[in-house]
Structures are given as structure tokens and as C-alpha cells.
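Single-structure report; data block below.
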Amino acid sequence: CLQGNRRCDPLLFWDPIGYCGGDCTKEDFDRRRAVELKHGRICMFATIGMLWPDVFGKFDGYLSPSQDLKFADVPSGIAAISKVPLEGWLRVLLVAGLIETQLFKDQSLGGFAYGKYGEPGNFGTGYWGRKIQDPAERKLKLTTELNNGRLAMVAMTAMLIQNGLTGQSPVEQLTSGHISPFNDGQGFFAQFDPSKELGACPPLGYWDPFGMMAFQDEEKFRRNRELELKHGRICMVATIGMIVPDLFGRFSGYLSPSMDLKFSDVPCTIEAIYKVPAAGWLQIFALAGAIEAKNLAFPTNYGYPPFWGQINKLSPEEKQKKLLAEINNGRLAMMAMAAIVAQNGATGQSLVEQFTTGNLNPFIGGYAQEESANRVAMRAGNSEALPWAPVPEGLTNYIFGPYVGDAGFDPAGFAKNQRLLPWYREAELAHGRVCMLATLGYTVQTSGAKFEPFITRYPTDSADPLKAATQVPIIGWLQILVVIALSELWRYENVITKYSEGVQPGDLGWNPTAPMSSKRPKWFGPTFTANYKPEEWNNMRLRKIKHCRLAMVGFFFMVLTNASTGQGPSLIPNFTQAEFQSTVGDFIPKGL
């Protein structure tokens with residue numbers, strides 16, 4: 001019964017309970033697949049329903065005028081079940097029944113749910129209401145739907161459990177700081193507050209994205225803090241060890257006389273692991289073990305303060321500052337060590353070697369001042385974006401090639417699937433254009449330029465664009481979504497489905513006179529007639545894709561800054577004079 005059915009990474013075929021074993025027939029499997037699809041679709045809507053009202057607001061007016069029940073009175077959680085009157089639930093069930101039996105024409109209620117087209121879950125309402133003709137694309141879309149449904153079922157279960165335990169919806173938990181990486185991290189039954197401990201400092205404040213301190217366990221915090229300090233101290237020493245030998249030289253003499261191994265033979269790279277003999281590593285492990293055995297309680301203070309105990313003579317404020325500096329330096333060293341090892345693994349060179357050969361030297365243009373012929377030849381087949389890395393599979397590594405802006409950068413390997421490459425370029429341009437408008441929108445919003453009360457009768461907050469987004473009424477967002485949906489539908493019909501006919505990804509036909517030999521879509525709105533030479537047009541396209549990429553990164557950090565500080569950033573610098581720069585007193589003698 002599994003033949004021809006969709007299986008995908010990471011679990012492939014996963015049936016721990018054995019539903020599809022033994023006497024499972026195709027009808028049994030189809031029935032379970034239909035149930036899986038149905039529950040997944042419902043949970044996708046349900047997860048949106050758990051988040052949307054708290055983020056974008058609830059409908060105005062009454063849900064039940066006879067019971068004086070407003071939409072605003074219904075919570076986003078399990079408590080909504082008891083809030084909605086019985087008549088309301090009967091209507092919901094009636095609509096669900098009509099959808100099952102009439103709208104989707106599934107007459108096999110309680111049966112195998114083959115749907116309208118004799119396939120589990122296929123009711124004839126495909127992507128944008130249309131059937132997908134390409135078999136490969138159809139398989140991809142159906143697999144995506146299955147995976148999204150499975151994710152939604154897990155997410156909905158987690159949301160309900162959280163709601164049942166805390167009495168709060170997911171958005172309420174985030175905004176109140178119970179599971180927020182940007183707030184104080186206090187839980188509902190907090191006994192110990194880790195956000196008040198040393199290390200919770202700008203720019204992230206108390207930052208615990210993995211929820212390791214979700215239950216405020218003080219003993220666990222102390223254990224994690226000791227591990228953080230220990231790894232940080234080791235990495236501070238390790239980063240120095242990865243750099244100092246190449247800068248100041250190595251010890252003279254032999255590391256292992258019996259193996260004729262000198263200190264100068266050991267590189268500052270990962271290869272040093274294999275150069276040092278096993279007996280040497282055993283000595284290192286023995287020394288580390290002796291140090292660990294002496295400190296079984298994982299103390300923060302090992303009793304060896306710098307400068308022979310001078311730190312204990314500092315004031316409490318100064319001592320706190322020094323200890324915080326140690327934590328932050330350790331965190332920086334852990335990140336630096338990870339980056340140095342990753343660079344070494346990718347290039348085979350130590351950090352100093354990469355600087356001196358010009359691979360990442362900011363002072364000599366990224367290239368060595370004097371290059372040998374073999375290095376030039378080696379880089380000839382490498383990526384323009386990452387000169388030490390080969391060109392990713394599927395890319396041309398030519399910025400004016402079929403995909404303008406192709407600099408040989410594809411760390412995720414998307415370009416391996418050539419069939420989807422036009423769609424990826426389409427998505428990149430679409431997201432980039434939106435982000436260019438969004439970064440300008442942030443600037444306009446924070447500068448105070450707004451139409452009031454054109455969009456809403458409620459006051460809006462210019463300093464906090466994320467907060468202002470919640471002040472737009474629901475009907476306003478629905479209008480915006482309708483316009484976006486119509487635009488996307490036009491793009492799907494006239495661009496995305498026309499790739500096979502020669503239409504270029506992202507070409508909306510805004511300039512019919514552009515020097516392009518490919519087929520052009522006909523834009524339904526106003527167009528531009530600026531004339532360009534082919535070289536000028538290619539340069540314009542290159543600038544556009546660069547601006548798109550920059551805008552996507554910029555908008556991400558704008559939102560992150562806004563969420564962290566409560567104030568939106570702007571592209572326009574703020575030249576407001578600081579208070580300490582203002583004139584104090586009257587320095588002009590009177591009477592002159």
C-alpha cells in the first residue's frame with residue numbers, strides 16, 4: 001500500500017505504531033492519508049487562528065448580541081470553547097458538514113474520502129484554484145502540503161499544552177516575557193530570576209532563545225554559567241594560540257625528539273591535531289583531568305585571580321565590571337574560535353596565512369600584493385563572492401550572465417535544482433522589491449510623515465512602526481491582503497507560468513522599450529518608456545538586484561532593532577544636538 005506514495009527527508013517512511021504493516025490495504029492507507037491531510041489543513045488554519053487575533057486584532061462588534069458577547073471578549077485559546085455559545089458551535093459544525101458533503105462533493109462521509117478526483121484529499125481546488133499540470137511540480141506541492149500540515153499538527157498541540165498550563169496564548173506569553181528572548185524571561189511560576197544575574201547586558205539583554213532557563217532552576221543556571229565561563233576561558237586561550245605562533249614565532253627545539261618533530265613543524269590549523277603524537281595528547285588530557293578533578297564543584301573563582309589577588313581589592317562596582325568583561329570576552333572568543341576553525345576547514349590556511357596572502361585582507365583589496373602564477377590559476381575557477389571556494393554547482397559565476405548578479409554565492413545549494421532556479425530568482429526579486437519599499441516605509445514612519453486620520457481613526461505611533469502596525473484596523477489589513485493577492489495572481493498567470501515561453505523571472509513588463517530579446521509580459525497598469533542601451537540596461541538590472549539584497553538584510557535588522565528597543569530606525573541620520581553640547585550660561589558681557 002506504500003507504492004507511489006510520498007516519502008521525504010528527514011524521516012522518510014515513519015510508522016512507529018505500525019499502521020501500515022501486516023494486513024494494511026490500499027484503502028486503509030488512503031483513508032489514513034485523507035485523515036492526515038484533513039487534520040493538517042485544519043491545524044494550519046488553527047495555528048493562524050491562535051496567533052492572528054492577538055497580533056492583528058479581533059473583529060469589531062458582537063459575536064452574540066443576545067448574550068452581549070463581543071468578538072473582543074473571546075480569548076485566543078482553550079477558554080474560547082466555553083465563551084462561544086452552544087448555538088455558535090452548532091453553526092460551526094453545520095458549516096463544516098456542508099463543506100464535507102456539498103462544497104467539496106465528498107459523498108463518502110465516513111468512508112475513504114477519495115474526494116472529487118478519486119485521490120485522498122483531492123477536492124479539485126489546487127494552487128490559486130487551478131490544477132498543476134507539471135507532475136514534478138505537483139509532487140513537490142503535495143509534499144509541501146503534507147509537511148506543513150504535519151508541522152501545524154505538532155505546533156497546534158504545543159500551543160494547546162502551553163495554553164492549558166499557563167492560561168496564556170502564545171502571543172501573550174511572548175509579550176509578557178515568559179518565552180521572549182528580548183524580555184526578562186520570567187515564567188509564570190518563577191522562583192529564580194536569571195535575567196537579574198551577571199551577563200544579562202546590552203545589546204541583547206537577557207537572551208535565552210533555546211529556553212534553557214524556562215523553569216528558572218537556579219542550580220541549572222549555575223551549572224550553565226560555569227560551563228559558559230570554562231568554554232569562554234578555553235577559547236580565549238585557543239584564539240591566541242591560533243594567532244600568536246604565526247605572528248611571533250614558535251618555540252625552538254623539539255616537541256617530540258623521538259619522532260624528530262620540532263615545534264616549528266606544527267601548523268596553526270586543524271592539521272596540528274594530527275601532527276601532535278598520541279602520547280602528547282595523553283599528557284594534555286592528563287593535565288586537564290587533574291585540573292578538573294581539583295575543582296569538582298565547578299567554581300567560578302578558581303582562586304587564581306590576575307595580578308596576585310588585586311581583583312579582590314577592587315570596589316564592588318569595579319569588580320562587577322571586570323567579571324562582566326570576562327563573560328563577554330569569553331562569548332566573543334567562542335564565536336571567534338568557531339569562525340577561525342570554520343575558515344581553516346574551508347581554506348586549509350591559518351588566520352594569519354589568509355591575511356598575508358590577501359584572501360581576506362581589508363587593506364589590500366582582498367588580494368595578495370604579489371601573487372604567484374599558481375595562485376592566480378587556482379582562483380580562476382573559484383567563486384567571485386568567495387575567492388577561496390569553488391563555484392557552486394548550477395551557477396555561472398558571471399554577474400552579467402543569465403541571472404544578473406550571479407557572483408557564485410550559493411551556500412545552501414539551491415542552484416543544484418535548475419528547474420527551480422527561475423522561481424528562486426523570482427522570489428529573490430519579489431522579496432527584495434518589497435523590502436526596498438519597507439525600508440523606505442520605516443524611514444517615512446519614524447520621520448513622522450503620515451496621513452492622519454486617513455487610515456485609521458485611532459492615533460498611531462510613529463516612533464514604533466511595529467506597534468503602529470497593530471493599530472491598523474482589521475478591515476485595513478484585509479484590503480491590503482486583497483491587493484497583494486490580486487497582484488500575485490497576475491504575476492503567477494503572466495510571469496511564473498510563462499517561464500517555458502521565454503519570460504524572464506521578475507520581468508513585470510514595466511518598461512516595454514527595454515532592450516530585451518525575451519518575451520515580455522503585458523503590464524496592466526501604467527508603464528515607463530525610458531530608452532536604455534544594452535550595457536546601461538544590464539547595469540540597471542545589476543544595481544537593482546544588489547539593492548534588493550541590501551534591502552532584505554537592512555529590513556531584517558530594522559525589525560530586529562525595532563523589536564529590541566521599541567523604536568524604529570531610519571535611513572535618515574539623526575543630527576539632534578546632544579544635551580552636553582548645548583551652551584551653558586551667557587558668555588557675552590552685557591553692555592557691549
Residue selected from the range 518-542 under the condition touching a Phe, Trp or Tyr at 6+ places or on another chain (Cβ under 7 Å) and surrounded by fewer than 13 Cβ atoms within 10 Å (Cβ to Cβ), by the criterion modelled with the lowest pLDDT
Phe524
Restricting the range 311-357 to residues that are charged (D, E, K, R) and under 30 Å from Pro267 (Cβ atoms), which is modelled with the lowest pLDDT?
Glu353
Asp54 vs. criteria assigned by TED's automatic domain parsing to the domain that holds Met153, at pLDDT 80 or above, among the acidic types (Asp, Glu) and part of a helix (DSSP H, G or I)
yes
Could you give every pair whose Cβ atoms fall below 6 Å, whose first residue belongs to the range 73-90 and is over 11 Å from Leu63 (Cα atoms) and of a type in the set (A, V, I, L, M, F, W, C), and whose second residue is at pLDDT 85 or above and surrounded by 15 or more Cβ atoms within 10 Å (Cβ to Cβ), counting only separations of at least 6 or pairs across chains?
Ala80/Val74
Which of the residues spanning the range 210-230 are of a type outside the set (D, E, K, R) and surrounded by fewer than 16 Cβ atoms within 10 Å (Cβ to Cβ)?
Phe210, Gly211, Met212, Ala214, Phe215, Asn224, Leu227
Would you say Leu481 is modelled with pLDDT of 90 or more and loosely packed, with under 15 Cβ neighbours inside 10 Å?
yes
Quick check on my filter: what residues within the range 316-342 are of a type outside the set (A, V, I, L, M, F, W, C) and under 23 Å from the mean Cα position of the chain (by Cα)?
Arg331
Qualifying residue in the range 270-288 (condition: in the same structural domain as Ala325 (by TED's automatic domain parsing), modelled with pLDDT of 85 or more, in contact with an Asp or Glu (Cβ under 9 Å, 6 or more places away or on another chain) and not aromatic (Phe, Trp, Tyr))
yes
Is there a residue in the range 438-448 that is at pLDDT below 85 and either outside the structural domain of Arg549 (by TED's automatic domain parsing) or closer than 22 Å to Gln479 by Cβ (or both)?
yes
Being modelled with pLDDT of 90 or more and either closer than 26 Å to Phe355 by Cβ or part of a helix (DSSP H, G or I) (or both) narrows it down to one of Arg233, Arg222, Arg250, so name that one.
Arg233
Can you tell me how many residues within the range 255-282 are of a type in the set (Val, Ile, Thr) and touching a strand residue (DSSP E or B) at 6+ places or on another chain (Cβ under 8 Å)?
2
So which of Phe29, Phe45, Phe59 ends up being at pLDDT 85 or above and assigned to a helix (DSSP H, G or I)?
Phe45
Search the range 257-271 for residues being under 48 Å from the mean Cα position of the chain (by Cα) and polar (S, T, N, Q), and hand back the single one that is farthest from Ala346 (Cα to Cα).
Ser264
Candidate set from the range 543-589 (those that are part of a helix (DSSP H, G or I) and of a type in the set (D, E, K, R)); member that is modelled with the lowest pLDDT:
Glu579
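The values are calculated or read from the model by the stated rules, or taken from the named source; none is laboratory data. Here the structure is a predicted model, which means the values were calculated and not measured. Glycine also receives a Cβ, built like all others from the backbone with ideal geometry; neighbour counts cover every protein chain displayed.
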